Structures are given as structure tokens and as C-alpha cells.
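Derivation of every value follows stated rules applied to the coordinates shown; laboratory data play no part. Just so it is clear, the model here is predicted, and its values are computed rather than measured. When we count neighbours, we look across all protein chains shown, and the Cβ atoms used for this are built from the backbone with ideal geometry, even at glycine.
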Amino acid sequence: MKRLILNSLKKYFLKIPKRYTKNHTQFDQGQTQELISSIEKNYLDRGDTKKQLTKAAYQDAIQGQLMGRLNYNRNRIIPWLDKVKPLSECSILEIGCGTGISTLALTEQGAKVTGIDIDGGALKVAEDRLKLANMEANFLELNANQIEEKFKDEHFDFVIFYASLEHMTISERIESLKQAWGILKKGSFLTVIETPNRLWYFDSHTAALPFYDWLPDDLAFYYSKFSIRDNFKDLYRELDDDQMNKFLRWGRGMSYHEFEVAIQPLKQINVISSLAQFEKSHFLKYGFKGVRYTKFLRSCKKGLAKGFCYPYLDIIIKKD
């Protein structure tokens, strides 16, 4: 009964207006199979990735690439961003566009998207995805610390770091945030999506362990053997520079500290929206304990925006 009530409440809070759904692309069977072929060839079957997954996990990965992640973006991310600024005709730089799932969701709503990623195979899937949808976006294989030089003369309404900052080193995060802030004009928006918050008490992104993101990198490296995730717990034993770099690429949490170092003092950072506040679903996901912990974090740092206190940093910062 409790689960039924929660599911009903979630459907109520996440009801999507028809103005978004009418623009959704529908792939026929042939187009779907073409996309699956591209996903397998250019993304999932590289290296030993396929060998590390069970047959069921592999099929789940394909379905996630087809509709799972797309539905997430259509139903949650799009209404959130559109509430801040209508996406139609918006110019967007998407950092970490991957295989183009979020790019498609943005483009469906009329946004003009430039997507960058360092994974050439993922970008090939993104190009195929948009082509099959009969839509256009600009894709570039580019590092996030090269955007200032590449885009210094262009205007973007949004610069979006999509599930990317957590896979960077600290110095990479600070440099890319500096550059993103530098190319934004006043009145534009810096957006971070799906980056785990190192201040949260549980890491659900990488290790599925409590307090994991609180640990120094070296200790987290050694402690990874206690993870419940089979494809992670047995990877790291002997610490050297190469192994540490690979370890960090799995994803480490970040917090308001990087923003303050890279952009400006915390009191001047105008977080105008967070996904959790927009959806009003924080209690449904994390219960009383999560709500109390969010309040505790805010009590520890005067002026800390709520967006910096949830498990994931899904935030929009306005450049005033």
C-alpha cells in the first residue's frame, strides 16, 4: 500500500504537460534497430565492456540508451530547464553530451545544441541518434578545458555540465568551471546535472557505500574493495598514478567548494533553481532523514543554497 501511494504521488508531481510531449520523436522498428546497431558498435562493445556485463545487464544497458535515459530527460530535465527559460530557440552548450540522449530531448523542444564530449564513439552514436530523429545538433570531440578558446565569441543561454564534472580531477573541474563562467553573458545560466554531492552521507553513484565521498582519494581507492558493486570492487588494489587516474574517472563527488574557488564567493553565487526543489519530491525520495540532513547541512554553512545540500547537484546558477 505504501509503495502504491508513493508511486501515485510521484506521478502527480511529475505529470508532464502536453506542450512537451507533442514534440517527442517516435522511432519506427527499422530506426530503432539502426540505433541499437550504432550503440553496440560504437559504444557498448568496445574493449572488454561487454564481457564485464551479464546478458541481462547488457540488455538493460541497451534499453537505457534507447528509452530509459530519454524518458528521464524528457520528463524531468526538460520541464525544469524550460521553467527557467523557454528552450525554444535557446542556444545551449552541453558538456558531456555522451551518446546524445539529452541532446535529443533538448533539440525536440527547439533548442539549438552544441554537444561536446571526449568520447568519439559516444559522439558517433549521438550523430546517428539525431540523424535518425531527423533533427540537427552540432557535435565536437572536445575537452571541457578547451571551451574558452573554442567558443569565446559565441553566445549561449545555457552551459550545461551533464553528468561530467564528477568524472574530472579537481583541477579539471575548476578550470572548466572558470571557462564556462567566462564565456557566459550576464543573464545566462550555468547548469549542473547529475553530479553527486560529496557532502551527502551516502554515495549512490560509484561505490554504493556510506560516507564514501567524504574519504580522501587515496583511502577511497583502497576502500573500494568493500563496495557491493561487482564491476567496481575488484578493480583497484595497487596504487599508482595511472590507476588513480582511472579510479577518479569512475566519479567522485563535488560540492560548493569548487564553485566558490572557480567562480566567485558563495554569497555571490545565485543558485536560482534545483531539480529537487522544482519537483517538490525530496521527501518522497529520501524521507524524514534526508530532509533533516538537508537542513543540517544548511545550518553548518551560512548562506548555503538548498541546491548544494541534496544528494546530487542538479542546479542552475544565473550569471548576474
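Quick rundown of the values:
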| quantity | calculated |
| --- | --- |
| From the coordinates shown, Cα extents along the principal axes in Å corresponds to which of (1) 94, 47, 41; (2) 55, 52, 47; (3) 61, 52, 42 | (2) |
| Ranking of 229, 129, 76 by count of other Cβ atoms within 10 Å, fewest first | 229, 76, 129 |
| Volume per residue of the C-alpha convex hull in segment 129-272, rounded to whole Å³ | 153 |
| Rounded if a/c under 1.5, otherwise prolate or oblate - segment 102-157, Cα gyration tensor axes | oblate |
| Coil-residue GluC sites (Glu not before Pro) of segment 98-150, DSSP, other Cβ within 10 Å capped at 16 | 136 |
| Estimated FRET transfer efficiency when R0 is 25 angstrom, pair residue 280-residue 204 (beta carbons, to 0.05) | 0.75 |
| Normalised contact order of the chain, rounded percent, pairs of Cα under 8 Å and 6 or more residues apart | 16 |
| Neighbour-count order for 97, 300, 309, 90, fewest beta carbons within 10 angstrom listed first | 300, 90, 309, 97 |
| Proximal charge balance of residue 222 [Cβ under 11 Å; K/R count +1, D/E count -1] | -1 |
| Label-point separation in nm, residue 131 to residue 26, each point 7 Å along Cα→Cβ | 2.5 |
| Distance (nanometres) between label positions extended 7 Å along Cα→Cβ at residue 155 and residue 37 | 4.3 |
| Rounded, prolate or oblate (a/c below 1.5 giving rounded, otherwise prolate when a/b exceeds b/c) for segment 206-250 by Cα gyration tensor | oblate |
| 12 Å beta-carbon shell around residue 275, net charge (K/R +1, D/E -1) | +2 |
| Segment residue 219-residue 83, length gained on full extension (0.36 nm per residue, minus Cα span) | 44.8 nm |
| Packing-based exposure ordering (other Cβ within 10 Å, fewest first) of 38, 164, 91 | 91, 38, 164 |
